[in-house]
Amino acid sequence: MIAHGGGFDATGRGERVGMLLRRIARPMLAALFINGGIQALRHPEGHAQAAKPVLDAVSPAVDKAIERGALQQRPDDELLIKIDAWVKIVAGSMLALGKFPRLASTALAASLIPTTLAGHRFWEETDPEKKQAQEIHFFKNVGLLGGLLIAAADTEGKPSLGWRGRRAARLTAAAAAAQAEALGEAASEIGDRVSDAAHQASGTAAGLAAGLAGLAPGAAASAKAARSKAVKKADKLAAKAAKRSAALQKDAAKRGAALQAAAAARGAELAKKAAKKRAELERRAPALQAAAAARGAELAKKAAKKRAELEKRAPVLVDQVATQATKLGHDVAARASALGAEVVHQAEGVAKDTRKRVAALTG
């Protein structure tokens, strides 16, 4: 009883620690992208020049998308850099606040790939020191991409639709097999009981016939006839019981096969629905990304309209944003330190509780 309660307590603590670590890690991961987006908005021309090789490489695809879309002309490189910066800021803020973290992680991962290819092309550097520095930044971004992919696939303990469908199919098949086995055992038991009853009836008839023959020697012919009749009746009952038992077993086998077929069909249907749902979700992902990109373009267009006003207020806004970013960094570091201390304190409490229980059990 103690172990059972302790198991539930440990499971609850593990879930709380996992949730606590998610709350710590998400702002830490998002802070880098928010800061990068702010820097790109402050100096879009430098980022546009660094990203020119990548933008030139993808220009045919962009031109085709513009021809099929509603835009009249291709946006300039600085506008694309600003759109990417807004995506980083918005998605990073969503990830830090825990709002749609999987979608935000997917958007950040999609924006990180061109950023890495544009800003850290270490294979083109000839200076060994610059090449080493760019290589370090390149593989740092590769590590960040791995973390974003893990965050995008994190369901926080909730199983996927495919796993639920396969589990339902397995449970249905197991229930059908158990029911078929139970029916077969019941039919076999009924047949055995009927057969035993027939043999008992045959033995009883034979004993009565022998007793009558011993008590009345003159009625031997009648006893013999009665015995023969009883034996025939017992044989008929045994044959009928055996036939009934065979019919029951055959019926049980048919029902078991039908239940197994129904379970397999149900499992296939559930798996098909799960695959269809998964495909639908995968099809919706590009639409959501496109909607996010369209929203980013709309925000960038609105920002372009207010560009004159922002240029006047740029020094003040830059100072405010830098101050807020610095404050956010300090707050995140302080919160991470406090939460880390709390995790260590909880771990010490768990260890102390475990030692007490072990001492109580061994004493």
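Selection over segment 46-61 of residues that are in a helix (DSSP H, G or I) and touching a helix residue (DSSP H, G or I) at 6+ places or on another chain (Cβ under 6 Å) gives a count of 5.
Can Lys301 be described as at pLDDT 80 or above, in a helix (DSSP H, G or I) and not assigned by TED's automatic domain parsing to the domain that holds Pro27?
Numbers: at pLDDT 80 or above: yes; in a helix (DSSP H, G or I): yes; not assigned by TED's automatic domain parsing to the domain that holds Pro27: yes.
Spelling it out, Lys301 is indeed at pLDDT 80 or above, in a helix (DSSP H, G or I) and not assigned by TED's automatic domain parsing to the domain that holds Pro27.
Could you please let me know if Ala252 is within 26 Å of the chain's Cα centre (by Cα) and either surrounded by 12 or more Cβ atoms within 10 Å (Cβ to Cβ) or among the hydrophobic types (A, V, I, L, M, F, W, C) (or both)? When the stated conditions are applied, Ala252 does not pass them. Of Ala70, Ala176, all but one fail to be closer than 30 Å to Lys250 by Cα and either touching a helix residue (DSSP H, G or I) at 6+ places or on another chain (Cβ under 9 Å) or modelled with pLDDT under 85 (or both); the exception is Ala176.
When you go through Ala187, Ala151, Ala169 one by one, which is the residue that is surrounded by 15 or more Cβ atoms within 10 Å (Cβ to Cβ), at pLDDT 65 or above and in contact with a Pro (Cβ under 8 Å, 6 or more places away or on another chain)? Lay out the reasoning, then the answer.
Working: Ala187 fails: in contact with a Pro (Cβ under 8 Å, 6 or more places away or on another chain); Ala169 fails: in contact with a Pro (Cβ under 8 Å, 6 or more places away or on another chain).
Checking each option against the conditions leaves just Ala151.
Taking every residue in segment 279-304 that is within 19 Å of Asp77 (Cα to Cα) and pairing it with any residue that is among the basic types (Lys, Arg) and part of a helix (DSSP H, G or I), at least 6 positions away or on another chain, the pairs with Cβ-Cβ distances below 9 Å are Gly296/Lys82; Ala300/Lys82; Ala303/Lys82; Ala304/Lys82.
In the set Ala285, Ala275, only one residue is more than 27 Å from Leu80 (Cα to Cα), surrounded by 11 or more Cβ atoms within 10 Å (Cβ to Cβ) and under 35 Å from the mean Cα position of the chain (by Cα); that residue is Ala275.
The values are calculated or read from the model by the stated rules, or taken from the named source; none is laboratory data. Here the structure is a predicted model, which is why all the values come from computation and not from measurement. In this analysis, Cβ positions are derived from the backbone assuming ideal geometry, glycine residues included, and neighbour counts consider all displayed protein chains.
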